[in-house]
Amino acid sequence: MEITEQCVVALTWTLKDTLGEELDVLDEPVEFLVGGHDLLPKIEEALQGYAAGASLSLHLEPEDAFGDFDDQLLFLEPRDLFPAEIEEGMTFEGSALPEGCNPDAPRTALYTVAEIYPEHVVLDGNHPLSGIALRLHLTVQGVREATEEEIGRGTTGTGFFRVQPQAPGNSLLH
């Protein structure tokens, strides 16, 4: 079966920055809905017409991946608004920011604790891969028709580097 809109692809990949530093590896196949919200548009576009067994190497500029870094999404917040056990790398949904945080911080963003100082916390609302050109080598491990439920949801439940709120020590991007 060839990859078309509204099908599910099982992919493995290696993701690197342009300097060759490995950012992520998927050794076991993960399923993504093509034509939904799971993959970046440039990846979906490149996959069209391929079948299981195909390998592709893609170069994604920031505008085709996670956008440019936006310094307007950096916020310096009072340390005492956050729990004592806060750690760098923790994430907070904008809608769950503590009362008293900057009202200009978009409540739809996901914020990563970038730095912690005695009196302040730096929150970063950029995607961890924003501003970075990426090199992606992927292999199509399988292709199947999407279920009506997957099409209705617009996802198989897995997104390409969808960052979820996470506990300290969990640095997975996928």
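The values are calculated or read from the model by the stated rules, or taken from the named source; none is laboratory data. Keep in mind that what you see is a predicted model, and the values were worked out from it rather than measured. Note that each Cβ is placed from the backbone with ideal geometry, even for glycine, and that neighbours are counted across all protein chains shown.
Looking at segment 110-147, which of its residues are of a type in the set (D, E, K, R) and either at pLDDT below 95 or touching a helix residue (DSSP H, G or I) at 6+ places or on another chain (Cβ under 8 Å) (or both)? Before you say what the answer is, go through the steps one by one.
Narrowing segment 110-147 to residues of a type in the set (D, E, K, R): 115, 119, 124, 135, 144-145.
Those that are of a type in the set (D, E, K, R) and either at pLDDT below 95 or touching a helix residue (DSSP H, G or I) at 6+ places or on another chain (Cβ under 8 Å) (or both): 119, 124.
Just to be sure, is residue 24 closer than 21 Å to residue 128 by Cα, in contact with a Phe, Trp or Tyr (Cβ under 8 Å, 6 or more places away or on another chain) and among the acidic types (Asp, Glu)? For residue 24, the condition - closer than 21 Å to residue 128 by Cα, in contact with a Phe, Trp or Tyr (Cβ under 8 Å, 6 or more places away or on another chain) and among the acidic types (Asp, Glu) - is met.
So for segment 18-28 (the condition being within 15 Å of the chain's Cα centre (by Cα), aliphatic (A, V, I, L, M), loosely packed, with under 15 Cβ neighbours inside 10 Å and in the same structural domain as residue 136 (by TED's automatic domain parsing)), does at least one residue qualify? Within segment 18-28, one or more residues are within 15 Å of the chain's Cα centre (by Cα), aliphatic (A, V, I, L, M), loosely packed, with under 15 Cβ neighbours inside 10 Å and in the same structural domain as residue 136 (by TED's automatic domain parsing).
With respect to the conditions (1) in contact with a Ser or Thr (Cβ under 9 Å, 6 or more places away or on another chain); (2) among the aromatic types (Phe, Trp, Tyr); (3) over 26 Å from residue 14 (Cα atoms), residue 69 falls short on a single one, namely (3). The residue pairs whose first member lies in segment 1-13 and is buried (at least 19 other Cβ atoms within 10 Å of the Cβ), whose second member is at pLDDT below 95 and among the polar types (S, T, N, Q), and whose beta carbons are closer than 7 Å, counting only pairs six or more residues apart or on different chains, are 8/156.
Provide a single number: the residues in segment 46-74 that are part of a helix (DSSP H, G or I) and either among the small types (Gly, Ala, Ser) or loosely packed, with under 12 Cβ neighbours inside 10 Å (or both). Break it down stepwise before answering.
Filtering segment 46-74 for residues part of a helix (DSSP H, G or I) gives 46-47, 62-64, 71-73.
The next check asks that each one be either among the small types (Gly, Ala, Ser) or loosely packed, with under 12 Cβ neighbours inside 10 Å (or both); those that pass are 46, 63, 71-72.
Summing the residues that are part of a helix (DSSP H, G or I) and either among the small types (Gly, Ala, Ser) or loosely packed, with under 12 Cβ neighbours inside 10 Å (or both) in segment 46-74 gives 4.
The number of residues in segment 75-113 that are in a strand (DSSP E or B), aliphatic (A, V, I, L, M) and either out of contact with any strand residue (DSSP E or B) (no Cβ under 9 Å at 6 or more places or on another chain) or buried (at least 16 other Cβ atoms within 10 Å of the Cβ) (or both) comes to 2.
Return the total of residues in segment 30-43 being free of Cβ contacts under 8 Å to residues at least 24 places away in the same chain and surrounded by 19 or more Cβ atoms within 10 Å (Cβ to Cβ). Please lay out each step first, then the result.
Pass one, segment 30-43, residues free of Cβ contacts under 8 Å to residues at least 24 places away in the same chain: 41-42.
After this cut, where a residue has to be surrounded by 19 or more Cβ atoms within 10 Å (Cβ to Cβ) as well, the list is none.
Counting residues in segment 30-43 that are free of Cβ contacts under 8 Å to residues at least 24 places away in the same chain and surrounded by 19 or more Cβ atoms within 10 Å (Cβ to Cβ) gives 0.
Can you confirm whether residue 94 is of a type in the set (Gly, Ala, Ser), within 15 Å of residue 126 (Cβ to Cβ) and touching a residue at least 60 places away in the same chain (Cβ under 8 Å)? The answer is no for residue 94.
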